[in-house]
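Visitor: Take this structure, written in structure tokens, and hold onto it; I'll ask about it next.
Just so it is clear, none of the values below were taken in a lab; they were calculated from the coordinates. Every value quoted in this text rests on a predicted model; they were computed, and no experiment measured them. FYI the Cβ positions are ideal-geometry reconstructions off the backbone, even for glycines, and counts take in every protein chain you see.
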Amino acid sequence: MALTLLLFGLLSDTFLAALVGLIGARRRIGFGWTFFFSVLLTPFIGLIICLLSEPLPPGDRNWGCLGSILAMVTITLLVFLFIAILAAL
């Protein structure tokens, strides 16, 4: 039961961090830094940091390579964690 709650918490936290990162893609801070702060702190604090940065002109997005790298590493680690938890059951 505890492993299921831990897995649910990690997956929901990462999902919320990715949503906050998408908001950050339209701001000067960019997707990568917003995602990083959301995972490191909490998605709520990441959202506050994101909203404090300046918005980009309409139609522009700031993904940056950091965003792609962080997203891929986080998703890969979550998949390995999920497989490890399923193997332990």
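Visitor: Taking the Cα atoms of the chain, report the difference between the largest and smallest coordinate on each principal axis, in whole Å and largest first.
Guide: The principal-axis extents, from largest down, are 50, 22, 18 Å.
Visitor: List the residue ranges in the chain for DSSP H helices whose C-alpha atoms run 27 angstrom or more along the long axis and whose Kyte-Doolittle average is 1.6 or above. Intermediate results must be reported in sequence, preceding the final value.
Guide: Working: long enough: 2-24 (32 Å, 2.04); 64-88 (37 Å, 2.54).
Helices passing the filter in the chain: 2-24, 64-88.
Visitor: If I take R0 = 30 Å and measure r between the Cβ atoms of L52 and L19 in this structure, what FRET efficiency does the formula 1/(1 + (r/R0)^6) give, to the nearest 0.05? Working shown, then result.
Guide: On the way: r = 18 Å, r/R0 = 0.58.
According to the calculation, E is roughly 0.95.
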